[in-house]
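Below is one structure, written out as structure tokens, with a few remarks after it.
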Amino acid sequence: MPSVRVLYFAQLRERLNCAEETLTLPENTDSTAVLALIAERHPQARDVIASARLAVDCAFVSGAVTLCDGAELAVITPVSGG
Amino acid sequence: MPSVRVLYFAQLRERLNCAEETLTLPENTDSTAVLALIAERHPQARDVIASARLAVDCAFVSGAVTLCDGAELAVITPVSGG
Amino acid sequence: MIRHAALHDGPLPVAALTPAALIACEHGAVASFVGVVRNHAHGRAVVGLAYDCYRPMAERVLAQLVVEAANTFDADLSASITHGLGAMLPGDVSVAIHIASAHRVAAFAACRHLIERLKQDLPVWKRERYADGSEAWLKGS
Amino acid sequence: MIRHAALHDGPLPVAALTPAALIACEHGAVASFVGVVRNHAHGRAVVGLAYDCYRPMAERVLAQLVVEAANTFDADLSASITHGLGAMLPGDVSVAIHIASAHRVAAFAACRHLIERLKQDLPVWKRERYADGSEAWLKGS
């Protein structure tokens, strides 16, 4: 199972008190399952993660994802730029 | 019958070789009748005047118009600003 | 709240391109439109143009269109609209519209409304000069 | 054809407000959107805000949105999009979008599209500070 970096921003980073962690995740999975695994690990942020999208290597992904060792994942909660 | 100034611009001014003239027109009339009287006076520009709107004292008018001595009329052919 | 509507002799200066004068902390959105003289139109190469204008009416129409936009989209909007007159070359700026409003929907709508209404009602006429030496008054735009 | 997409540390400078760099004689229409930090939001007095950002992804998203707008509205458009980051005060400029195209319909549509898509997909988050001393991360915008 590949070891990946997972990044947190804004409200989620504050809730977890963590900007980044390294996790071991299944190689062939899907974005919903990845977010569910992360939420399971951080029950105090389950509600925030439920509204998030997953990005892998700076691109939004949905459905099936293949994770490689060293991939950079980001949990993108609803954005508020502009 | 009031004496009014009538102004011409752009293509119409060139066709008439006239930027302004003074005409005597009925006091109580309507914009279509005013344009028809002007077209009658300038048959060489009948087609251009047919596409024009009438302005009285710097405002578009349609339907009934009351003309006063010294009013400033303008024959506004389709505009092309911007 | 700023309301500015004016004619300008010649192409608009570079200062007319910026909405900087309208920026205010109660208005979160500024939408702008700038019209530029193109080097081609209706499939022909344009080398220049000249605007004729019924000046007192044009000034009045510009001011009225700003009021109309405010009445329609946002009573508190700030607006600046400037139209150039006379001779211009391709690349010159002929018109600049800036709208500041609390929200972007009203700012975009008012800006779009103003350029469309200007093209309907502003008593200004464009005579284009073409690469082949001919000239023509535009009818509508 | 000019394509510019960038993040900027701090509020945007006044130079970002003008589309002057995009003016070209093949593009008759320039539409712009400028976002300004407001002094009120959701009925509360805002005294400042800070943007957090996933920077490498945000740079990539901005560039992709420009390509998307060109593919959708006009393959030949010029575009500039800049988003500020970090701390800002009411009246500061947080985002500037400029689109130049041959015709105004495409310029307006591409400009509007870019701000709407930016608000959906740009990984940037706004934390507002209120007059009562409290702070909150915005959810959507």
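At-a-glance table
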{"item": "Pairwise centroid distance, computed over Cα atoms, of segment D:109-126 with segment A:17-74, Å", "result": "23 Å"}
{"item": "Separation of the C:Glu68 and C:Glu135 label points, Cα + 7 Å toward Cβ, nm", "result": "3.0 nm"}
{"item": "Table column - 3J(HN,Hα) (Hz), segment C:20-36, Karplus curve with 6.51, -1.76, 1.60, x for Gly and Pro", "result": "3, 5, 9, 5, 8, 6, 8, 10, x, 9, 10, 10, 10, 10, 10, x, 10"}
{"item": "Rounded to whole Hz, the Karplus (6.51, -1.76, 1.60) HN-Hα couplings of segment A:55-64, x for glycine and proline", "result": "10, 10, 6, 6, 9, 4, 10, 9, x, 5"}
{"item": "Inter-label distance, nm, simple model (7 Å from Cα along the C-beta direction), B:Asp57/B:Glu20", "result": "1.8 nm"}
{"item": "Crossing angle, helix D:55-73 versus chain D [Cα axis fit, 0-90 degrees, rounded to tens]", "result": "40 degrees"}
{"item": "Amide proton proximity set for A:Leu73, modelled H, under 5 Å, gap of 5+", "result": "A:Arg5, A:Val6, A:Leu7, A:Asp57"}
{"item": "Cα gyration tensor shape of segment A:23-82, rounded if a/c is under 1.5, else prolate or oblate by comparing a/b with b/c", "result": "oblate"}
{"item": "Inter-part distance where segment C:1-42 and segment D:30-76 are each reduced to a Cα centre, Å", "result": "21 Å"}
{"item": "Cα-based reach from C:Lys126 at 27 Å (exclusive), listing lysines while leaving out same-chain residues under 8 positions away", "result": "C:Lys139"}
{"item": "Relative contact order for chain B, counting Cα pairs under 8 Å that sit 6 or more residues apart, in percent", "result": "39 percent"}
{"item": "Interchain or long-range residues, amide H under 5 Å from D:Ala102's placed H", "result": "D:Gly28"}
{"item": "Over the protein assembly as shown: helical MRE at 222 nm, DSSP H runs n ≥ 4 each giving -39500 (n - 2.57), nearest 500", "result": "-8500 deg cm²/dmol"}
{"item": "In sequence order, calculated HN-Hα J values of segment C:129-137 (Karplus, 6.51, -1.76, 1.60; Hz; x Gly/Pro)", "result": "10, 10, 4, 7, x, 7, 9, 7, 6"}
{"item": "C-alpha long axis of helix B:31-41 to longest principal axis of chain B, angle in °", "result": "60 degrees"}
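Read the figures in this text as sums done on the coordinates, not as results from a lab. Quick caveat: nothing in here was measured; it's all calculated off a predicted structure. With ideal geometry, Cβ positions are generated from the backbone for all residues, glycine too; neighbour counts draw on all protein chains shown.
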